[in-house]
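Worksheet: the structure to be examined is printed underneath.
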Amino acid sequence: MRLRLKGGRVLDPANGENGVASGTVRDIEIEDGRIVAATDRKADAEYDLGGAVVMAGGIDLHSHIAGGKMNLARLLMQEDRRAFPEMPGNFCGCGGGRAVPTAHATGCRYAELGYTTVFEPAMVGANARGAHLEMADIPNLDTGAYLVLGNDDYFQRLLAAGAGQEQVNAYVGWMIEATQAFAIKIVNPGGINAFKFNARKMDLDEANPHYAVTPRKVLTTLIRAVTELGLPHPIHLHGCNLGVPGNDETTLATILATEGRRLHLTHLQFHSYGTEGDKRFSSSAARIAEMVNANPNISVDVGQVMFGQTITASADYMSQYRNRGLASPKKSIGMDIELDAACGVVPFEYKDKSFVNALQWAIGLELFLLVEDPWRIFLTTDHPNGGPFTTYPHLIRLLMDRDFRNAQLATLNKAAQAHTLLAQIKREYSLEEVAILTRAAPARILGLKDKGHLGPGAVADIAVHTEDADREAMFSTTRMVFKNGRLIVKDGVVVELAQGTTHVARPEFDRSVDKDMQRWFDEAVGLKSKHFRIADGELRHGAGPTILKCEGVAS
Amino acid sequence: MTGVSLKPRAPFEARVDLSGLTPEVTGPLSLRELEHREVPCGGRSLKLAELFFVEGAPDGVLLVEIGDARLDGVGAGMTRGELIVDGTVGAFAGRGMSGGVLRIGGDAGDFLGSEMSGGRIELAGNAGAHAGAAGSGARRGLSGGVLQIGGHAGPRAAERQRGGLITIAGDAGEGLATGMIAGTVSVGGTIGPLAGRGMKRGTIFVNAVPELPAGFIDTGAHELVALRLIARRVPELSAMLSGWTHARRIVGDTLMGGQGEVLAGV
Amino acid sequence: MAEVQTIHDVACGFCGLGCDDLTVEVEGRQVRATAPVCPEAARLLRRLDTADPMARVAGEVNSQADAAKAAHHILAAARAPLIGGLGVDMAGAGAAVDLAIRFGGVLDHYASEGLFRNYAAAQRTGWLSTTLAEVRNRCDVLLVVGDDPSATWGRLFERLFPATPLFAGANRRVIFLGGAPGEKASAQLAGANVVHHATTDAVAALEALGSLTAGRRPPGGSFGGIDADTLAGLAEELRNAHYAVVTWNAADLGDGDLVAERATALVDTLNVTTRAGVFPLGGRDNIIGVNQLLLWRLGYPLRTAVRGQTSSHDGTLFATEAALADADVLVWISAFRPEPPPDFGGKIIALAHPETVFDKEPDVFIPVGTPGVDHAGTVFRMDSIVSLPLGALRVATLPSVAEAVRRIAEG
Amino acid sequence: MILNGVEIRDTFAEAFPMVGTRLIVTADTPEWALIAGRTTTGFATSVIGCGCEAGIERTLTPEETPDGRPGVSLLIFAMDFGSLKKVVPLRLGQCVLTCPTTACYAGIEGGKRVPLAKTIRYFADGHQISKKIGDKRFWRLPVMEGEFVCDEDTGSVEGVGGGNFLILARSRGEALKAAEAAVAAMVQVPGIILPFPGGVVRSGSKVGSKYKGLFASSNDAYCPTLRGTVPSQLPDEVGSVLEIVIDGVSFEAVAEATRVGITAVCAIGAEGGVVAIDAGNYGGNLGPFHFKLREIMQNGAGETA
């Protein structure tokens, strides 16, 4: 099967191509689902792009799309489901929802925005099988999941017992393989565990009440583990003290704690709060952006807050319990999970007239605009925690259009306006930068060599947008989206469902750990370790995962 | 005749859900558009004209001629206008309604006026279970408006009621006003066991003291000015309260720290 | 004679407790479980070397293919199908949802009553819950409301009270509020400090306990038949616990919804100063897994109707009993056990356990294999977090529900 | 203009905007309603020293009250809404809540809301009970005697304060008699109160004083004992002057009361010792409401400046 996309302006920052700037058009050729060098062979199908902007399919490296907490969110917020049913039509899954869309709706709405790969950033090991079953029902997207680690009692025990790094590495490798994960996520390092022992807060150097292990130790040990195991993605960190004013100091200390090793700070917006002003809540975006700029080992995604009703779901039960009183509507779920992690689900409405919410919005945008290197910052709302992913086109316009941004700012809570320097920031993102943020850079930080670009060999996941000065309009509708070379969206509407794959990482590790894992599961967890492990055939309705073999750097 | 009338072509073979098909929605539509509007029926969705003869002139009034116990969601989500049913309706009549008037000539199924926040429902006959209550998963029952039941009400009427007024001319079933948060409910007839269980606030007017859960405390009979005020201000309660100067006041559910009350005329 | 093959670490999908350490002997077509196994699992795993029944259409023996065709015809003409029973593994659940999307119909599991009683709390206010391994290792005070759950979950207390928990310490406390612990429970709880308080009204007792825990002494001398001072003592114990857990079986309690609400409120109060969680019991025949799948596929839990590309949910109207009153076709799916369909006047398509004894011959009977016996599958445990892979114990001669449903859809 | 021998001077009463509200206070008996009304409107002659001006508008029959008991209707006026919101709950809490058998209801529907039970409900220490009927909420406060029933709030109006006229008579006795007749007639007019003692003020004032810090002082131009020593408005035959001050919910109500009052005084006429009707003003520059006496007496209505 050979396809030819004719006459598009190719925007492919990974390969240094910018057809939008140069005004040149060219064809893209696809053979059996991959992009190939141009030939003069006859194509089975040709699509005339008429100078439209062609980019690789979007990649979201942090969006909660599957797993037990999303189902708890669905259960709790039936209002969201009822208010946003999927539109009837040939590709209706009879589901719906906006903050927590059903699997089918997630795949379709993402595809309609030109996204073709999305990573679930908080898969709890105990729930991994369920998360994979759910991801298998998401059409049109390739997925993958980051395993939540660091709060589990096995790991805490290892550290408390002074286990060597090799032992930790073996454990991490075993867990990655057993749960079919792609990367390691740390959520509130050690804090979730400490909450089970009734600690209500946890700073970077505070000792766990039971194990006496500090978050710093959790973090540095796991950073070393993923480095030595050769996982492509660095530790994906949801740091300490999420949402707590004054957590800016923790965030800065966390960056310093890496001592130059790679670290990804996720939803940084929620970790950039100072305590200045009458309300003891202020923006530390400038300080933190400066630190990020100065430390090339750090990458971040923002977790932009978008106004409106959403629901927050996180493994960070400690923080979610703290925020429980702010729930709107007033209901929430919390759960301690299997000596492993936890979760907290709290519905939330971000209000533009609220000082705190408006300032959160501004802090997110400040981070976007003050972090200089577009290859180290990624466009996220931490869906659905800061807002649903369907708000991305609006967010892109906020980044690309200063007048629009300032007009929005002028409508917000007055006190918040006075507390942000956003109005003075002149920067506007270029289309190329947006393509880096949403395609090229995530592919690079995830180590996905055949994604996020349009060079020969790349997976033919392609989004075609008709250029429009109104960037929100432009990114709201795709002219065409191809998944593995198949046209799945035309003129903004799904025209075919494609089955995606699930990316997993497979590091080498010392398999002698298996014996200890068996004993742990038998005695402590009360489940056989072999039943905890997920077989390849359990993924994607039997199709199995797409495996990225990792070469460890440790001997 | 003014308004649109829907006359069933035949008794329904499956449950039909009219939720959202309210006078303000039908008003702007032409008869033809109305006829083509799809409504869920059993496991399918059918055009309105396949189920009903659709006649009249669209405006603020909707008339359902000949009710059917399988006709669910009549007037659900109504915000204004008038909806009249000549006969009986199924479940969820007037659910989530916030304005307008819904008149039902016959009986109603379960969850009549559940989660209603305004407007008025006048039911001539008996209501099923959960009248004026919170539907599955909903946090609050009726929170405003008036729900008048001419006959009896089934179990768990007024469950989690949050405000507004429910009057039951006949008997009330078991678990009346369970978990009531606020509001007023009156019962002309007898009351089933466990009324007011877990009640936080709110008032239940009764003619005779029913059997109440353990957390209710009888404070004795009192001369209450509020009775005279309510009798005059609330026409729906005048007949019941106009003779009352004193009432037995039973407070509960104290087991849950509640401060609701059952007021029985003496 | 076939030789006896002993299989260890067999996972069990019946009661929802998720035991996965069973030993099973397989001899040709015969299957029998040996210890450790509860009587219920032993009964449901047991297979004799008998021939599978054939599919039947209107009582006449038929091929699977023709039976599927007949079922397709019935469904194509159906006005209001109910897809009930739903005792299926995850693949079967997915197929059942596909069937509902294709032909319309209400989806419910036959054991969903308890689930929806719990949702009175979980959906309305949310709750703070916990899972098996946490109870097993952390819980130092366990409050069991209602009757002894060991009758339904034969190994519950064995699983919750291991010899050496990580954190709970030696003197773990179990308070039975309701029925007395039976022999089995007492044996499994030999190492724990067990007390029993009979109550005439578990809701009232829980309400008083909740008030006392919150520091309010409600007026009155006894609640639900338990002396106020006794309850005050229990409240003190709960408040002093490091990790208190409240458990109940809503399906078994007349006021299960109120028990769930009161237990939730009690745990909310406890968490202000210490840690606690609810641990609701349930989960029979993968109900939790089916419910999970519905949530991610349709956005609604069980008791959801699919019709004309929309779905809507209602915990009352679309409950099996209510929905049957208006259904014209019942698709009865029960792969885990020979559970017969409920009394129903309309047409019945039964995708059922081969040993099912029908009161009335279904219009179409398609015998299906059992997940974890005849074919592999996945089921969820009662806590909705952990799921288990079930393996095949013998060569399947019957289709799985997923296969049978696919054939029906194809016609 | 001369009516029954009484000169209606060609002048006007100058009045100011005030914000006011009406309370309906009921009780088991008319006597207790009146006691509550008098106490609540006591010490409320002038905003200058009392914070508000208040009075009993009229008594109400059981048929006229929300709870079917006898009652009184009270009007309370203050210079601005902020003060009104302060003084009303204060008087409600001290004088109605405390008074046996009373209940208190809103007497005005529209306008900005003045808190009633909204503020004083906290007296019930958590035992207060609210009930909402339609969009109106009332509260029940347990008290030793039973329950105090009180509306959540009441409405308010932009009214008129300081409407007035002066009765110039030959003698004190004749002035007082004429003033009594005026008051008796004026209290029948709805929407007004006469805040001074018995509806009459004998110490009418002018703006300003020779003493620092005093805003008002004796109206020397009308003091008969100063005639000749200061520029006087009093002809020789006038021996005594009394003023009637009117606060009302509207310009029309005050104008009507003025008309009714002057008419009553004129009915007594020169024969009864009344010489002239005058009015207090400050040259028309301070208050926006001007009640021109002659126009009022001619047309039965006035006009605003």
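Any idea how many residues of the range A:1-30 are farther than 19 Å from A:H453 by Cβ and either assigned to a strand (DSSP E or B) or basic (K, R) (or both)?
Of the range A:1-30, the ones farther than 19 Å from A:H453 by Cβ are A:1-2, A:6-7, A:23.
Right, trim to either assigned to a strand (DSSP E or B) or basic (K, R) (or both) and you get A:2, A:6-7.
Going through the range A:1-30 one residue at a time, the tally reaches 3.
So which residues in the range A:13-34 are among the polar types (S, T, N, Q) and in contact with a Lys or Arg (Cβ under 9 Å, 6 or more places away or on another chain), if there are any at all?
Hits for the range A:13-34 are A:N18, A:S22, A:T24.
Can you tell me which of A:A199, A:A194 is assigned to a loop (DSSP other than H, G, I, E, B) and either more than 23 Å from the chain's Cα centre (by Cα) or without any contact (Cβ under 8 Å) to a residue 24 or more places away in the chain (or both)?
Matching residue, one of A:A199, A:A194: A:A199.
Identify all residues within the range C:382-392 that are in a loop (DSSP other than H, G, I, E, B) and within 9 Å of chain A (Cβ to nearest Cβ); write none if there are none.
Within the range C:382-392, C:D383, C:S384, C:I385, C:V386 meet the criteria.
Which one is farthest from the other protein chains (Cβ to nearest Cβ), of the residues in the range B:214-240 that are of a type in the set (D, E) and under 16 Å from B:V251 (Cα atoms)?
Only one residue tops the list, namely B:D218.
Condition test on C:W332, is it under 18 Å from the mean Cα position of the chain (by Cα) and either on the phi < 0 side of the Ramachandran plot or surrounded by fewer than 21 Cβ atoms within 10 Å (Cβ to Cβ) (or both)?
Taking the combined requirement at face value, the residue satisfies it.
Counting only residues that are modelled with pLDDT of 95 or more and at positive phi, how many does the range C:1-34 have?
Residues flagged as modelled with pLDDT of 95 or more and at positive phi within the range C:1-34 amount to 3.
So in the range A:142-173, with the set limited to residues that are within 14 Å of chain C (Cβ to nearest Cβ) and outside any helix (DSSP H, G or I), which one is farthest from the chain's Cα centre (by Cα)?
Filtering the range A:142-173 for residues that are within 14 Å of chain C (Cβ to nearest Cβ) and outside any helix (DSSP H, G or I), the one farthest from the chain's Cα centre (by Cα) comes out as A:A161.
With respect to A:I176, is the statement that it is of a type in the set (V, I, T), more than 19 Å from A:K549 (Cα to Cα) and either buried (at least 24 other Cβ atoms within 10 Å of the Cβ) or over 23 Å from the mean Cα position of the chain (by Cα) (or both) true?
no
For the range B:121-141, what are the residues that are touching a His at 6+ places or on another chain (Cβ under 8 Å) and under 17 Å from B:I104 (Cα atoms)?
B:N126, B:A127
Pull up the range C:140-164, narrow it to residues that are surrounded by fewer than 20 Cβ atoms within 10 Å (Cβ to Cβ) and among the small types (G, A, S), then point me to the one that is farthest from C:L253 (Cα to Cα).
C:A163
Given the options C:V357, C:V373, name the one that is over 18 Å from C:G94 (Cβ atoms), surrounded by 24 or more Cβ atoms within 10 Å (Cβ to Cβ) and more than 14 Å from chain B (Cβ to nearest Cβ).
Going through C:V357, C:V373 in turn, just one is over 18 Å from C:G94 (Cβ atoms), surrounded by 24 or more Cβ atoms within 10 Å (Cβ to Cβ) and more than 14 Å from chain B (Cβ to nearest Cβ): C:V373.
Only one of (1) among the small types (G, A, S); (2) outside any loop (DSSP other than H, G, I, E, B); (3) surrounded by fewer than 22 Cβ atoms within 10 Å (Cβ to Cβ) is not met by A:A469, so which one is it?
Going through the list (1) among the small types (G, A, S); (2) outside any loop (DSSP other than H, G, I, E, B); (3) surrounded by fewer than 22 Cβ atoms within 10 Å (Cβ to Cβ), A:A469 breaks only (2).
What is the one condition in (1) touching a residue at least 12 places away in the same chain (Cβ under 8 Å); (2) within 14 Å of another protein chain (Cβ to nearest Cβ); (3) not charged (D, E, K, R) that C:F176 does not satisfy?
Result: C:F176 passes all but (2).
Which residues, taken from the range D:201-231, are without any contact (Cβ under 8 Å) to a residue 12 or more places away in the chain and of a type outside the set (A, V, I, L, M, F, W, C)?
Correct list: D:G208, D:S209, D:K210, D:Y211, D:K212, D:G213, D:T225, D:R227, D:G228, D:T229, D:P231.
Let's see how each residue does on (1) under 17 Å from C:I408 (Cα atoms); (2) surrounded by 22 or more Cβ atoms within 10 Å (Cβ to Cβ); (3) touching a strand residue (DSSP E or B) at 6+ places or on another chain (Cβ under 6 Å); (4) facing another protein chain (nearest Cβ under 10 Å):
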site: C:L86; (1), (2), (3), (4): yes, yes, yes, no
site: C:M90; (1), (2), (3), (4): no, yes, yes, yes
site: C:L166; (1), (2), (3), (4): no, no, no, yes
site: C:G169; (1), (2), (3), (4): no, no, no, no
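What's the number of the only condition in (1) within 14 Å of chain C (Cβ to nearest Cβ); (2) crowded, with 21+ Cβ neighbours inside 10 Å; (3) out of contact with any helix residue (DSSP H, G or I) (no Cβ under 8 Å at 6 or more places or on another chain) that B:A138 fails to meet?
(2)
For every residue, the table says whether it meets (1) among the hydroxyl-bearing types (S, T, Y); (2) in a strand (DSSP E or B); (3) within 14 Å of chain C (Cβ to nearest Cβ).
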| residue | (1), (2), (3) |
| --- | --- |
| A:M306 | no, no, no |
| A:G325 | no, no, yes |
| A:S328 | yes, no, yes |
| A:G334 | no, yes, yes |
| A:F348 | no, yes, yes |
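For (1) surrounded by 19 or more Cβ atoms within 10 Å (Cβ to Cβ); (2) under 25 Å from A:P121 (Cβ atoms), each residue gets a yes or a no:
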| residue | (1), (2) |
| --- | --- |
| A:A498 | yes, yes |
| A:T502 | yes, yes |
| A:S512 | no, no |
| A:K515 | no, no |
| A:A524 | yes, no |
| A:I534 | yes, yes |
| A:L539 | yes, yes |
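Does at least one position in the range C:295-303 carry a residue that is surrounded by fewer than 24 Cβ atoms within 10 Å (Cβ to Cβ), within 12 Å of chain B (Cβ to nearest Cβ) and closer than 30 Å to B:S45 by Cβ?
Within the range C:295-303 (the criterion being surrounded by fewer than 24 Cβ atoms within 10 Å (Cβ to Cβ), within 12 Å of chain B (Cβ to nearest Cβ) and closer than 30 Å to B:S45 by Cβ), the answer is no, since none of the residues qualifies.
Can you tell me which residue is modelled with the lowest pLDDT among those in the range C:215-256 that are among the small types (G, A, S), in a loop (DSSP other than H, G, I, E, B) and buried (at least 17 other Cβ atoms within 10 Å of the Cβ)?
C:G224
May I ask you to say which residue of C:A392, C:A409 is hydrophobic (A, V, I, L, M, F, W, C), without any contact (Cβ under 8 Å) to a residue 60 or more places away in the chain and surrounded by fewer than 20 Cβ atoms within 10 Å (Cβ to Cβ)?
C:A392 is the lone residue from the list that is hydrophobic (A, V, I, L, M, F, W, C), without any contact (Cβ under 8 Å) to a residue 60 or more places away in the chain and surrounded by fewer than 20 Cβ atoms within 10 Å (Cβ to Cβ).
Going by the conditions given, is C:D20 of a type outside the set (V, I, T), within 14 Å of another protein chain (Cβ to nearest Cβ) and in a strand (DSSP E or B)?
no
What's the number of the condition D:A179 fails, among (1) under 30 Å from D:G280 (Cα atoms); (2) small (G, A, S); (3) modelled with pLDDT under 95?
Result: D:A179 fails condition (3) only.
Results for (1) farther than 22 Å from A:P121 by Cα; (2) out of contact with any Ser or Thr (no Cβ under 7 Å at 6 or more places or on another chain), shown as yes or no for each residue.
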residue	(1), (2)
A:E228	no, yes
A:S284	yes, no
A:A294	yes, yes
A:D301	no, no
A:M306	no, no
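If you take just the strands (runs of 3 or more DSSP E) that sit entirely in the range D:61-164, which of them hold at least 1 residues that are surrounded by fewer than 18 Cβ atoms within 10 Å (Cβ to Cβ) and more than 21 Å from the chain's Cα centre (by Cα)?
By residue number, D:129-133, D:136-143, D:146-151.
The values are calculated or read from the model by the stated rules, or taken from the named source; none is laboratory data. Everything quoted here is computed from the prediction, not taken from an experiment. So basically every Cβ, Gly included, is an ideal-geometry build from the backbone, and we count neighbours across all protein chains shown.
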